[in-house]
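Structure first, commentary second.
No lab work stands behind these numbers, since they all come straight from the coordinates. Everything numeric here is computed off the predicted structure, so don't read it as measured data. Cβ placement follows ideal geometry from the backbone for every residue including glycine, while neighbour counts extend to all protein chains displayed.
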Amino acid sequence: MSNKVLAKGLAGALAASVALVPMLASAGELVIESWRNDDIDIWNDKIIPAFNEEHPDIKVSFKPTPPTEYNASVNAKLAGGTAGDLITCRPFDASLELFKQGNLAPLDDLNGMDNFSDVAKSAWQTDDGSATFCLPMASVIHGFIYNKEAFEEVGVDVPNTREEFYAALDKIKEDGSYIPMAMGTADQWEAATMGFQNIGPNYWNGEAGRKALIDGSGKFTDAAYVDTFKELATWKNYLPSGFEAISYPDAQNLFSLGRAAVYPAGSWDISLFNNQADFEFGAFPPPAAAGADTCYISDHTDIALGLNANSENAAEAKLFLEWMTGSEFAELYSNALPGFFSLSNHKVEVTDPVASEFVSWRQECESTIRNSYQILSRGTPNLENELWNLSAQVINETLSPEEAASAAEAGLAKWYAPHQ
Amino acid sequence: MAHSGPMTDWRKAKLPVIAFLAPATIIYTLFMIYPLLDSIRLSFYATPSGGEAAFVGLDNYRTILADPDWASVFWNSFWNNMKFFAVHMLVQNPIGIALAGILSLPQLRFRNTYRTMMIMPTMLSVVIVGFIWQLILSPVWGVGADLLDIVGLKSLFGPWLGKEASALITLSFISVWQWVGIPLMLIYAALLAIPDDLVDAAVVDGATHFEVFIHIKLPLVLPTVAMVSILTFVGNFNAFDLIYAVKGALAGPNFSTDIMGTLFYRTFFGYQLQLGNPHLGATVASLMFLIILGGVLFYLFAIQRRLARYQM
């Protein structure tokens with residue numbers, strides 16, 4: 001019994017891969033590995049049938065794994081040689097490491113790759129940009145989704161500045177009929193992703209600040225990051241009581257049941273709210289300070305598709321990838337999944353009103369990606385995972401904003417030369 | 001049957017002995033011993049990015065135990081695991097013994113109903129247990145606050161699963177609730193094996209139920225209690241599923257619920273942007289194995305030998 005965990009660890013991966021061998025054996029069937037288990041219907045009912053209209057002889061199956069287990073399982077399957085033909089790629093290092101290990105094939109010569117901008121491709125390229133190993137699919141944008149009826153009832157307008165935003169939240173709190181902001185810190189990642197990375201770019205000036213962190217000229221102890229944590233710390237006044245134990249689905253439900261006025265969102269939440277909320281909702285970008293001349297949004301390159309270097313169906317898989325570079329896929333994907341915005345250069349009409357609101361911010365504001373994703377999460381401690389913990393602690397009041405900032409900097413200084 | 005000497009006996013017995021030993025030996029070797037040894041072997045290697053695995057001796061152990069980052073995480077998970085174990089020893093096992101004592105009272109009615117109800121949580125999937133308790137304790141939808149309100153203690157309610165100070169204790173209690181059926185069953189079975197005349201004699205001498213339990217039954221089931229304790233120890237240091245189901249592999253808030261199982265998972269498989277490191281993961285697993293081995297050896301040599309056993 002004492003060696004159960006060991007057996008679990010190693011044999012578990014083995015058993016999982018053994019179970020998949022028969023699936024791979026059926027030649028000519030493309031298997032897509034993905035963490036988007038929410039999207040299985042869309043792939044099966046819309047995307048794959050559309051592909052089969054052009055290539056009726058290629059059978060494609062979409063085999064998702066729950067998001068939190070995806071990286072572990074796909075890495076184990078690739079190492080064991082039992083992974084599917086097409087691998088959904090996380091941005092930056094997780095996929096880069098797979099490419100370096102020789103598990104992902106280079107895709108530079110894929111027809112249609114020139115339909116993507118360099119920025120779109122940057123998340124799935126080697127550091128020097130010499131090789132691209134995944135086909136960019138979509139980005140997600142952060143902002144705030146609000147309950148229009150609640151805003152009307154309480155009598156607040158959509159805020160344009162940070163001051164207006166907190167005045168509105170104060171007013172909603174005073175009114176008392178709605179929870180001002182629906183979020184919890186139980187799962188930790190919301191605090192970092194919907195909190196820190198959502199409001200932060202306005203403090204660190206988007207890409208400029210992100211690049212400064214990478215080259216070492218910016219530090220987490222700079223005012224920009226401390227101030228982001230300070231703003232985040234004020235959120236606890238607006239969150240539902242007991243937010244420390246409120247999970248991500250709890251927060252989604254609080255908002256979609258109409259009990260909260262504002263929801264710090266990722267654009268991917270739109271389709272859930274479309275299905276579940278019976279009130280009208282809108283969205284606004286993270287408000288910048290009054291008088292700021294530029295606004296910044298987190299427009300994060302989130303999802304791409306790569307080719308398993310050891311795929312036995314590489315030719316068919318390439319056909320599928322080539323089809324994905326076309327405008328038909330871009331149109332289909334952006335509209336079937338409102339909130340995932342195609343990264344291709346094709347002009348795509350987004351029909352969902354809230355999704356098109358999100359994507360319209362690209363015109364008014366400067367886009368940036370989450371600052372912990374490129375290079376900075378390569379070492380131990382892992383910056384992204386640190387930010388989850390620190391952001392949650394700042395909201396929980398177990399760390400002050402200054403302590404959180406210096407902890408993030410200290411973690412980075414441990415392994416990243418430009419910060420030493 | 002005629003005996004024609006020990007040699008023939010052994011030759012005759014050889015085939016059945018091998019046949020009976022084979023299934024367990026093969027299965028254990030293939031699925032337990034080999035993975036265990038291979039995982040220990042794995043812990044002596046390291047793979048540089050993009051390179052081949054190379055032998056590094058005890059470097060991985062040095063990293064986990066001496067590198068300040070890893071050591072703090074490792075010992076944090078170790079002490080959390082000790083707390084997790086302590087709650088089980090101090091709460092689960094005494095409750096299990098007490099319930100078994102009550103269940104074995106001769107004049108108790110609905111005995112089987114109680115027994116079934118108490119073992120029920122043990123049969124539920126951990127994911128369901130985690131989910132149910134998360135809902136019960138949820139500050140938004142949970143009945144926990146309302147139930148406390150009925151007895152006028154609502155002010156005591158808090159987001160226990162989300163607070164650093166209370167999350168691990170809360171999870172330990174959930175685990176106790178789920179697993180209390182196991183010590184209950186084992187000790188109940190041992191209690192049933194006690195001959196009635198011992199109890200009858202004590203009753204004739206004027207002992208109360210409580211005295212009979214403390215002075216007669218408990219000493220007789222002490223070996224079972226010791227076995228339950230060691231099973232609890234092994235089970236708790238291998239625990240992973242409940243914490244993972246409720247708090248995820250990052251075992252928040254601020255790693256206050258991180259036990260060795262979740263640390264192993266995070267290290268071996270990686271989590272979110274943290275890439276998995278099979279070698280360091282195997283090192284954590286080997287250290288877990290050593291800790292459990294140490295605990296079991298301590299039990300075997302220091303406790304089991306000193307237990308008085310009575311022929312009944």
*If you add up the charges near A:THR221, with Lys and Arg at +1 and Asp and Glu at -1, over every other residue whose beta carbon is less than 12 angstrom from its beta carbon, what do you get?*
-4
*Quick one: check the C-alpha center-to-center distance for the stretch A:155-225 versus the stretch A:251-285, whole angstrom.*
17 Å
_What are the ³J(HN,Hα) couplings of the stretch A:201-206, residue after residue, when phi is run through the Karplus curve with 6.51, -1.76, 1.60 and θ = phi - 60°? Round to Hz, x for glycine and proline._
x, 5, 8, 9, 6, x
*Tell me which residues come under 5 Å, amide H to amide H, from A:VAL31 once H is placed; ignore anything under 5 positions away on its chain.*
A:SER61, A:ASP85, A:LEU86
*Using per-residue counts of other Cβ atoms within 10 Å, averaged over each peptide, order B:23-32, A:387-396, B:93-102 from highest down.*
A:387-396, B:93-102, B:23-32
_Cut-off under 5 Å, modelled amide H: who pairs with A:ASP302 long-range_ = A:ALA138, A:SER139, A:VAL140
_For A:LYS63, give me every one of the aspartates and glutamates with a C-alpha distance below 13 angstrom, ignoring sequence neighbours fewer than eight places off in its own chain._
A:GLU29, A:GLU33, A:ASP38, A:ASP39, A:ASP41, A:ASP85
*Which helices, taking whole DSSP H runs in chain A, have alpha carbons extending 24 angstrom or more along the helix axis plus mean Kyte-Doolittle at least 1.0?*
A:4-25
*Shielding by other protein chains, B:274-282, mean Cβ within 10 Å*: 5
*Given the protein assembly as shown, what whole percent of its Cα pairs are spread farther than 52 Å?*
20 percent
*asked:* Using each residue's phi in the stretch B:199-213, evaluate 6.51 cos²θ - 1.76 cosθ + 1.60 at θ = phi - 60° and report the 3J(HN,Hα) Karplus result to the nearest Hz, with x for Gly and Pro.
replied: 5, 4, 4, 5, 5, 4, 6, x, 7, 7, 4, 5, 5, 4, 5
_Residue-averaged 222 nm ellipticity for the protein assembly as shown, from DSSP H runs of 4+ at -39500 (n - 2.57), nearest 500_ = -15500 deg cm²/dmol
*Would you mind checking which residues have amide H under 5 Å from A:PHE281's amide H? H placed 1.01 Å from N; only 5 or more apart, or other chain.*
A:LYS148
*Consider all pairwise Cα distances in the stretch B:55-306 and report the whole-number % of them above 23 Å.*
60 percent
*Unsatisfied cross-links (Cα-Cα over 23 Å) in the set A:LYS173/A:LYS236; A:LYS219/A:LYS414; A:LYS59/A:LYS100; A:LYS100/A:LYS121; A:LYS236/B:LYS154; A:LYS46/B:LYS247*: A:LYS59/A:LYS100; A:LYS46/B:LYS247
*asked:* Please compute, for peptide A:382-389, the average count of beta-carbon atoms on other protein chains lying within 10 Å of each residue's beta-carbon.
replied: 4
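What ranking of A:HIS300, A:HIS419, B:HIS215 emerges when the number of other C-beta atoms within 10 Å of each C-beta is taken as an exposure proxy, fewest first?
B:HIS215, A:HIS419, A:HIS300
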*asked:* Need one number: the % of Cα-Cα pairs in the stretch A:280-371 sitting beyond the 19 Å mark.
replied: 53 percent
*Net charge near B:THR283, counting Lys/Arg +1 and Asp/Glu -1 over other residues with Cβ under 12 Å of its Cβ?*
0
_Separation of the B:ALA193 and A:ALA290 label points, Cα + 7 Å toward Cβ, nm_ = 8.0 nm
*Peptide-level mean, for A:236-247, of C-beta atoms on other protein chains within 10 Å*: 6
